[in-house]
Amino acid sequence: MPSARPLLDRVHRLVEHAREVTDHPVLEAVARVGLVAYGVLHLLIGWLAVQLARGTDRADADQTGALQAVAGAPGGTVLLVLIGLGMLSLALWQAGEVLLWWHGLLDRRHVLRTAFVCAKCLAKAAVYGVLGITGLLFALGLEYEADERFRELTGETLEVPGGALLVYTVAAGVVAVGLYTLVRGLTGGFMKDIDLPAAPDRWEPVIEAIGRVGYVAKGIAFGLVGVLLWRAATTADVSSATGLDGAMTAIASVTAGPWLLGAVAAGFAAFGVYALARARYPDRDPST
């Protein structure tokens, strides 16, 4: 029986070459642009949430609302193209981390941890990639409302056999992501994404404090998105299936809602500042 070693060596060489591409300084520089864009989008979401808390007319307090705000600014099309390309580069840069860890999948002792690390890298890359594509679509004038599309997709899914189970599964996954984000905020695990040796010591506690606020706010908001989606599957009422803007609206509708939403808005703005700090001192390795 021929040995699998030559094949593994060939795969290893291919991975090393791909890793060199994703480690290229030019790609990292463009990825930093993506991180800046990511931070600015969160600052805009925070601002839109404040408008919602004040009861004024505004765009949706979510990623598409933030992109719409960019589109309406002077030079909006150019900015959207920069955001789109930057986010796509950031997605490729982040996905490249998998190339460092793939060999751990062949080791039974570390396969579970390696799979978890790779899944986190790919999940981050997917989020960045979707935002990048959305930014480019908006630059082409192909705007859409994320909440409306989310409700349509949920309704279509509930109509097919086994659709409710799929919606329940997605809802549970969104809640899990929200809880994970919340835990990262409470424990400070997000600091693994900051190149601490490169960051001045005096700024580390500031970055950590701001990041904690941001991650906790995002965790609460996305957890609520999952709860609302679960409710939609239970009641077959797709009106409760909403994205981030729907979660913001739900927060605003409760007693003391404007104050609570103001706090969440501040949290998203804090996350935006943290993302800007990460753009200055980026580290994509989530396991160090």
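The values are calculated or read from the model by the stated rules, or taken from the named source; none is laboratory data. In this text, all values refer to a predicted model and were calculated from it rather than measured experimentally. So basically every Cβ, Gly included, is an ideal-geometry build from the backbone, and we count neighbours across all protein chains shown.
Computed values, structure above
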item: Options R54, R58, R109; residue that is on the phi < 0 side of the Ramachandran plot, of a type in the set (D, E, K, R) and modelled with pLDDT of 75 or more; result: R54
item: Selection within region 233-258 - touching a Ser or Thr at 6+ places or on another chain (Cβ under 6 Å) and surrounded by fewer than 23 Cβ atoms within 10 Å (Cβ to Cβ); result: V238
item: Residue within region 201-221 that is in contact (Cβ under 8 Å) with a residue 24 or more places away in the chain and in contact with a strand residue (DSSP E or B) (Cβ under 7 Å, 6 or more places away or on another chain) present; result: yes
item: Selected residue (only one of V216, V183, V175, V225 is surrounded by fewer than 19 Cβ atoms within 10 Å (Cβ to Cβ), in contact with a helix residue (DSSP H, G or I) (Cβ under 8 Å, 6 or more places away or on another chain), among the aliphatic types (A, V, I, L, M) and closer than 22 Å to A61 by Cβ); result: V175
item: Qualifying helices (runs of 4 or more DSSP H) (wholly inside region 138-240; at least 3 residues being under 19 Å from L41 (Cα atoms) and modelled with pLDDT of 90 or more); result: 204-235
